[in-house]
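Working notes for the structure below.
The values are calculated or read from the model by the stated rules, or taken from the named source; none is laboratory data. Small disclaimer: the values here were computed from a predicted structure and weren't measured. Virtual Cβ from ideal backbone geometry, glycine too; neighbours counted across all protein chains shown.
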Amino acid sequence: MSSQRFKFGLQYIRSARAKVLLVLILLNCGICIFLSASIYRGLTHSLYAEIDGRLQTAASAIPYILPDHYIDQALGKHPIVLGDYIENMNRLNEYAKQTGIRYLYVLALKQNRVVYLADSASETEIAADNYGHFYQHYEDEQQTTLNALRLHQSRFGELSDSYGKFRSLSMILSARNGDPYLLGADISMTTVNQQEWLVLAQTLGFAAVIMLLGSLISWLLASKLTEPLRRFSSAVHRFTLGEFDLRMNVQSKDELGNLATAFNAMGDALNARESLLRQLAFVDRITGLPNRTRFAELINQEITNHRAPFAVVMMNLADFHYVNDCFGFAEGDNVLRAVADRLAELQPYPVLAIGRMSGNDFLLMISADQQQEYASSILRIEEALSKAIVIDDHKVNLAMRFGVSCYPEHATDPESLLRQAEISIFSAKEECKLCVTYDPTREVDRQSQFTLMGDLREAIENNQLVVQYQPKIFIAEMKVNAVEALVRWQHPRRGWIPPSVFIAFAEQSGKLRSITEWVVKDVLRQQSQWQAIGIDVCVSVNVGVGDVEDIQFVDFIAEQIQAHKGNPNICLEITETGVMKQPDLMVKNLTRLRELNIALSIDDFGTGYSSFAYLAKMPINELKIDQTFVMAMNSTFESVSIVRSMIELGHILGLKVVAEGVETQACWQALAIMGCDEIQGYLISKPLNAKDFVKWLESDFQHLELPIMTNMSNKL
């Protein structure tokens, strides 16, 4: 009996049915492994995307959980009471538990060390004193937080410290005073690994079901004759090549018919899954609109199918972050959906296609045979969106900006059109315009500006900056007792670059402080040389508002004054609009500078909004009238009255009054009669380097043509 069973088994193994069954089982294994691996990768990616999104949301919420101005207070070295600190820890910990986060914290860089400004901890950890104390040093194994704060770069990644291993977000922000600080959120890697194991278990379960189903189908199919097997084998082969739309004709209700039905069902399931994955890859989750990738495909289809002129428009909802701040992200998403619905009402004309870029940016494709047509279409779009959107009985009025790139005028491929529209929207934001059409020169300018910002980093180290001095004349004695230091950049390839160009880049790249400190050092060095040969003039240096508001800059000035054993005679000029930003802090720091015998001046007076009361509180020495008012004296009598009022105001406050931009004898004469103390401008001298200034002082100034002081009182 046993020998018969053995023979039967051997025969079955050698049979065509067994061979076909074996082949189909192996094929099924390959498909299952491929699908399982794809699903596992997709689910793992989604898991980390969800975790990182949760980390970002939690980190972004920290400033709203902490009391108002807490971070600015902590960065300003104001001590935080222990009870308040613990209460804030409890708040952060409660929010962390609600969102599934292990730790929330705030770190800052102080004296090249990372310190705690805030931390979250459970009651057990607080009782065990196992948390980050205020200004306590913090260090992780790879020093990632220190590097993030130094480089001002936010990052996701794994982090190891004394508390364990975490999936961590380090979000770098800047305080009002410009100091960087870090908002951190951690999820334990143990939790992450558990979720990964759960994903793996689900994938393996799915694989087991597919394997079981495939084995059953293979066994049923193996019972058919050779021809049906050949046809089915061919179909399976095509299926493995990715032809998921392939279907088998069900010609019978036997095993082959059932197998064909199951095969078709599997294809439907894979198509449905592929459709879902495609939707996730090409459709915006909030609005249901095509995302950037899908919108690029729509542009390509329009180019291929019609080749008619059209415009790609990027639309930005200006200041949309206020909607999220006031009503929350959920209501903000509702506003985005409402905008999408209103745009959809404009299809198919003039809007051919709609998409969402990201955040508060939308993409539009509109028909545009000529510029006037798309301009009128944009006005129609603005009109459709200008109607208020109601949220919780509150009306939200949206403002838009548009960046336009035209096909085929500006580009003939989707990526270039999208990039050009994005460049145009940046220009619209910078220039505060409703709509900006792509201009190639703007792109060249932006590239040039970008390289210039990089070159600025080397300018100080390579001594490319030069200080020039423009004399000031003290009218009462007709002598030069002051100059203004003006920095210039001698670029090795572009030549002389005016400060009006590179100062803005210095602010964007964080190099303005370095330039200011370099100018102060060079001025004090040059002044020492002048004093050694008997030239004693007060040198004015322009400083940024952020500099004067920073106590570290005040300390730097004090150190430089102490380092020069001579008699430093300098004046710091601060713009009027800058003075009014934080008057209390400004007064405190200006008072200390006055104690160092440093003169202080309000520069560009008349262009800001200083009140008489604030000016009276400021420990300043002089007002410097902006050159726009001085130059206008040559053309309008109203400007003469304005300048005279400024001079009288300065004298009432007991301040010296300086006028810049003097370019005519008549202007000099008028300022002298109105009682202006000092004048400065090209009529007297252009900015000179140090050597040329000495020559000018010894020769040219002696032959300077002075105005005839006639009686102009009746005219003024």
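When residues of the stretch 33-52 are filtered for being within 15 Å of Ala201 (Cα to Cα), of a type in the set (A, V, I, L, M) and touching a residue at least 24 places away in the same chain (Cβ under 8 Å), how many remain? Before you say what the answer is, go through the steps one by one.
Here is the first cut: in the stretch 33-52, the ones within 15 Å of Ala201 (Cα to Cα) are 33, 35-44, 47.
Next cut, of a type in the set (A, V, I, L, M) only: 33, 35, 37, 39, 43, 47.
Next cut, touching a residue at least 24 places away in the same chain (Cβ under 8 Å) only: 33, 35, 39, 43, 47.
The qualifying residues number 5.
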Log entry, pairs with first residue in the stretch 19-32 being in the same structural domain as Leu220 (by TED's automatic domain parsing) and of a type in the set (Lys, Arg), second being modelled with pLDDT of 75 or more and buried (at least 17 other Cβ atoms within 10 Å of the Cβ), beta carbons closer than 9 Å, six or more apart or on different chains, reads none
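Of all residues in the stretch 468-516, which are among the aliphatic types (A, V, I, L, M), at pLDDT 85 or above and either surrounded by 19 or more Cβ atoms within 10 Å (Cβ to Cβ) or on the phi < 0 side of the Ramachandran plot (or both)?
Within the stretch 468-516, the first condition is being among the aliphatic types (A, V, I, L, M), and the residues that meet it are 473, 475-476, 478, 480, 482-483, 485-487, 497, 501, 503-504, 506, 512, 515.
From what's left, at pLDDT 85 or above: 473, 475-476, 478, 480, 482-483, 485-487, 515.
Within the stretch 468-516, Ile473, Ile475, Ala476, Val480, Ala482, Val483, Ala485, Leu486, Val487, Ile515 meet the criteria.
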Tell me, please, whether a residue that is part of a helix (DSSP H, G or I), free of Cβ contacts under 8 Å to residues at least 60 places away in the same chain, of a type in the set (Lys, Arg) and under 26 Å from Tyr85 (Cα atoms) can be found in the stretch 135-156. yes
Against the definition (assigned by TED's automatic domain parsing to the domain that holds Glu622, in a helix (DSSP H, G or I) and either within 19 Å of Ile602 (Cα to Cα) or of a type in the set (Asp, Glu) (or both)), how does Asp536 come out, yes or no? no
Could you please find all residues in the stretch 285-315 being more than 27 Å from the chain's Cα centre (by Cα), farther than 30 Å from Cys432 by Cβ and not β-branched (Val, Ile, Thr)? Glu297, Leu298, Asn300, Gln301, Glu302, Asn305, His306, Arg307, Ala308
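Every residue, every condition in (1) buried (at least 19 other Cβ atoms within 10 Å of the Cβ); (2) of a type outside the set (Gly, Ala, Ser); (3) at pLDDT below 85; (4) farther than 18 Å from Val351 by Cβ, yes or no:
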| site | (1), (2), (3), (4) |
| --- | --- |
| Gly242 | no, no, yes, yes |
| Ala260 | yes, no, yes, yes |
| Asn264 | no, yes, yes, yes |
| Leu277 | no, yes, yes, yes |
| Phe282 | no, yes, yes, yes |
| Gln301 | no, yes, no, no |
| Val312 | yes, yes, no, no |
| Arg337 | no, yes, no, no |
Residues of the stretch 519-561 classified as acidic (Asp, Glu), over 30 Å from Asp72 (Cβ atoms) and surrounded by 15 or more Cβ atoms within 10 Å (Cβ to Cβ), total: 1
Tell me yes or no: at least one residue of the stretch 120-132 is closer than 20 Å to Leu173 by Cα, in contact (Cβ under 8 Å) with a residue 12 or more places away in the chain and in contact with a helix residue (DSSP H, G or I) (Cβ under 8 Å, 6 or more places away or on another chain). yes
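Let me confirm something: among Glu94, Glu87, Glu141, which residue is farther than 23 Å from Thr57 by Cα and either assigned by TED's automatic domain parsing to the domain that holds Asp68 or surrounded by fewer than 13 Cβ atoms within 10 Å (Cβ to Cβ) (or both)? Show your work before the answer.
On the way: Glu94 fails: farther than 23 Å from Thr57 by Cα; Glu87 fails: farther than 23 Å from Thr57 by Cα.
When all the criteria are applied, what remains is Glu141.
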Has the stretch 688-711 got any residue that is assigned by TED's automatic domain parsing to the domain that holds Asn481, surrounded by 19 or more Cβ atoms within 10 Å (Cβ to Cβ), at pLDDT 90 or above and not hydrophobic (A, V, I, L, M, F, W, C)? no
Candidate set from the stretch 407-445 (those that are at pLDDT below 80 and closer than 20 Å to Asn316 by Cα); member that is nearest to the chain's Cα centre (by Cα): Glu430
When you scan the stretch 454-467, do you find a residue that is under 26 Å from Ala659 (Cα atoms), surrounded by 13 or more Cβ atoms within 10 Å (Cβ to Cβ), modelled with pLDDT of 75 or more and aliphatic (A, V, I, L, M), even just one? yes
Subset of the stretch 298-317 (residues that are outside any loop (DSSP other than H, G, I, E, B) and either under 23 Å from Tyr64 (Cα atoms) or without any contact (Cβ under 8 Å) to a residue 12 or more places away in the chain (or both)): Gln301, Thr304, Asn305
As an exercise: evaluate Tyr64 against (1) surrounded by 18 or more Cβ atoms within 10 Å (Cβ to Cβ); (2) modelled with pLDDT of 90 or more; (3) not basic (Lys, Arg) and give the number of the one condition it does not meet. (1)
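Please tell me if Phe329 is aromatic (Phe, Trp, Tyr) and modelled with pLDDT under 85. Spell out the reasoning first.
Numbers: aromatic (Phe, Trp, Tyr): yes; modelled with pLDDT under 85: yes.
When the stated conditions are applied, Phe329 passes them.
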